[in-house]
Each structure stands twice: as structure tokens, then as C-alpha cells.
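The values are calculated or read from the model by the stated rules, or taken from the named source; none is laboratory data. Computed from a predicted structure; not experimentally measured. Please note: Cβ atoms are built from the backbone with ideal geometry, for glycine as well, and neighbour counts cover all protein chains shown.
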Amino acid sequence: MFAVIKAGGKQYRVAAEDVIRIDRVSGNPGEVVEFGEVLAVGGDTPTIGTPTVSGATVAGEVLAHERGAKVIAFKKRRRKNSRRKRGYRHEFSVIRITEILTGGAKPSQTPPPRPQREAKPKPAADTAAEGSEDEAPKAKAASAKAKKPAKSAGKAAAKKPATKGKKK
């Protein structure tokens, strides 16, 4: 199931567990925000609103508040010694969509728990690996010496010599 929502004057096509970056919304990270302007709900039976779908809401969890890249507005009037430089960074909110609700249902005020990835087990340390710790710095130093030698000065001498003064 997906929905088309309107937030900050823009439209976004979202589904459950999508992460979107929209204009700054009020709410601290971890809180649930509700989007009431749902323009369309898709799935088995798609519904298109006129202009919005009645009774449909989309809930999302605020993950973070971020700022975009700096936009520099530089104005110059030539030959007038007039310059103006002004910078601006737009503020965004990162939202994870938690639920798409229809029929006037209200979203839950606590975000659902995220499934945690299982950590891969680390291999057990062997006794042979412990003895090789002293040899590791020596091996690194030996491999550094085996690398390519520096470029020879012969190529630099083959180039045109620099001239001082005027050319004739």
C-alpha cells in the first residue's frame, strides 16, 4: 500500500518504512507526526481524493533534523565597488513513514520498534594469531621498502631549460 501526501507545498509518494526528507516539521526526534493531506491511497483498491482522501492519514516518526548544503547569493555591480554576499542553508526533517491509515483511524503515538540486525559473530582468536602480532609491524615495514622507487631525475633534465630574461 502506498499514499501520496502533501507536505511543505510538495507531494511525496510514500509507503510504510520509507525514509523521506521534507521541509522542517515541528516535533523532536523520536516523536510521531501526522500528515492529514493525503491526495491518493494506492494498493488493491486505489482511491484518489477530491482534493484529499477523507479519513486517510499518514503517520511518520521524526528521525532527525538536518540542514541542506549552503546556497550562496552573490550580487556584484561592476565598476561600482558594490558587492553583496549572502548564504542560506535550508532546514529539513528526516521522517520514517510508520503507518498509512484509512477510515478515520488514528495513528499510534509510539513508533513501532525497529527490527535489529543480528551481529555477525567474530571468529575466536587463535594462539597463532597472537604470536604474529610482533611480526606484523616488521612485515609492514618490509612491504613499504618493496614499493616503487621514486621517479628519476633524468626525466626532469630532458625537459626544456627555463630561460631567464627576454626571448630573442
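Going by the conditions given, is Val38 under 27 Å from the mean Cα position of the chain (by Cα) and among the β-branched types (Val, Ile, Thr)?
Numbers: under 27 Å from the mean Cα position of the chain (by Cα): yes; among the β-branched types (Val, Ile, Thr): yes.
Spelling it out, Val38 is indeed under 27 Å from the mean Cα position of the chain (by Cα) and among the β-branched types (Val, Ile, Thr).
Would you say Ser93 is of a type outside the set (Lys, Arg), under 22 Å from the mean Cα position of the chain (by Cα), at pLDDT 95 or above and at negative phi?
Values: of a type outside the set (Lys, Arg): yes; under 22 Å from the mean Cα position of the chain (by Cα): yes; at pLDDT 95 or above: yes; at negative phi: yes.
Answer is yes for this residue.
I need the full set of residues from segment 42-57 which are under 23 Å from Gln109 (Cβ atoms) and either assigned to a strand (DSSP E or B) or among the aliphatic types (A, V, I, L, M) (or both), in order please. Can you show your working first?
Start the filter on segment 42-57 by keeping residues that are under 23 Å from Gln109 (Cβ atoms), which leaves 52-57.
Residues satisfying the conditions are Val53, Ala56, Thr57.
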| task | Please enumerate the residues belonging to segment 19-54 that are surrounded by fewer than 17 Cβ atoms within 10 Å (Cβ to Cβ) and closer than 12 Å to Ile100 by Cβ. | result | Glu34, Gly42, Gly43, Thr47
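Conditions tested, residue by residue: (1) among the aliphatic types (A, V, I, L, M); (2) part of a strand (DSSP E or B); (3) closer than 13 Å to Glu61 by Cβ.
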site	(1), (2), (3)
Lys6	no, yes, no
Arg13	no, yes, no
Glu17	no, no, yes
Arg21	no, yes, no
Gly30	no, no, yes
Glu34	no, yes, yes
Ala40	yes, yes, no
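For segment 63-90, what are the residues that are more than 30 Å from the chain's Cα centre (by Cα) and assigned to a strand (DSSP E or B)?
As a first pass, look at segment 63-90 and keep what is more than 30 Å from the chain's Cα centre (by Cα): 75-84.
Across segment 63-90, the qualifying residues are Lys75, Lys76, Arg77, Ser82, Arg83, Arg84.
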| Going by the conditions given, is Gly60 under 26 Å from Met1 (Cα atoms) and outside any strand (DSSP E or B)? | no
